[in-house]
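Remarks on the structure that follows.
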Amino acid sequence: MPDAVDVLVQDHREVEELFSRYERAANADERGKIVHAVIHELAVHGEIEELLFYPRVRTSLPDGDALADEAVDEHLEIKKALNDLDKMTARDDGFEPRMRELMAEVRHHVEEEENDMFPRIRDAIDREPLEQLGNSLQAVKKFVPTRPHPGAPTGPAGKLATAPPVALVDRVRDTVRSWRDDYM
Ligand SMILES: [Fe+2]
């Protein structure tokens, strides 16, 4: 069974695949669609990390609070970039440089998690609870917001209080956007 780290690493690989598709894309339309997928993937990934994974980092590692705080700060920068991209089209002047910044930020964040935080979490938490956490991460993916919300709470208590209606609105907006991407 995949553990929490497997689930998060798999998300990272999917985002990297989208980045390389973006870099190879032939035109602005294609780039725009890929970025919509990037926004969705990264928003959901960030939400599940903040909701379930970073709280475990805080309680499981001696310097967990510092590590989680740094990760949440990096998430905020990523959410701001996603939010900017969310409001632009791939034909806008600022789009390409903002996307480059996002890719650099995400690649740095992924490297830190995979080289430092994730191996240490695997050492600190037994296989079974880590698999249970992986299950929970997969399960909440269906219910978390799918758009970036840089002003929203980053801790689990705040998220549980505010996220469900936001997630619902995001999903309606996603449905409309994907219809537009496909048919307009
Ligand atoms: Fe991550």
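Couple of notes before you dig in:
- Rounded to the nearest 20, the size of the Cβ-charge dipole of the stretch 137-184 about its Cα centre is 80 debye, with Lys and Arg at +1 and Asp and Glu at -1.
- Order of exposure, largest accessible area first, which applies to GLU47, GLU112 with probe 1.4 Å: GLU112, GLU47
- For the residues HIS45, HIS40, a 1.4 Å probe over the protein chains yields an accessible-area ranking, largest first, of HIS40, HIS45.
- On Cα atoms only, tilt of 156-183 relative to the major axis of the chain in degrees: 30 degrees
- Highest-fluctuation residue, THR59, THR89, THR154 considered, GNM on the chain with Cα pairs under 10 Å: THR59
- Cleavage-rule hits (trypsin sites (Lys or Arg not before Pro)) in the stretch 104-144: DSSP loop, at most 16 neighbouring Cβ within 10 angstrom: LYS141, LYS142
- Cα gyration tensor shape for the stretch 1-144, rounded if a/c is under 1.5, else prolate or oblate: prolate
- Charge dipole (debye, nearest 20) of the stretch 42-184; +1 at Cβ of Lys and Arg, -1 at Cβ of Asp and Glu: 780 debye
- Within straight-line cross-link reach of LYS142, lysines at Cα separation under 20 Å, skipping those fewer than 8 residues along the same chain: LYS79, LYS159
- Helix axis angle, 95-112 relative to the chain longest principal axis, alpha carbon, degrees: 20 degrees
- Acute angle (nearest 10 degrees) that the helix 4-24 long axis makes with the longest principal axis of the chain, alpha-carbon atoms: 20 degrees
- The sum of -39500 (n - 2.57) across all DSSP H runs of n ≥ 4, divided by the residue count of the chain, sets its helix-only mean residue ellipticity at 222 nm to -25500 deg cm²/dmol.
- Under 18 Å from LYS80, Cα to Cα: aspartates and glutamates that are on another chain or at least 8 residues apart: GLU41, GLU47, GLU49, GLU50, ASP69, GLU70, ASP92, ASP93, GLU96, GLU101, GLU105, ASP170
- Packing order of peptides 27-36, 77-86, 174-183, highest average first: 77-86, 27-36, 174-183 (average count of other Cβ atoms within 10 Å over each peptide's residues).
The values are calculated or read from the model by the stated rules, or taken from the named source; none is laboratory data. Computed from a predicted model, the values in this text were never measured in an experiment. Reconstructed Cβ throughout: ideal geometry from the backbone, glycine too, with neighbour counts over all protein chains shown. SASA here: full protein model, heavy atoms, side chains in, ligands and nucleic acids out. Shrake-Rupley method; radii C 1.70, N 1.55, O 1.52, S 1.80 Å.
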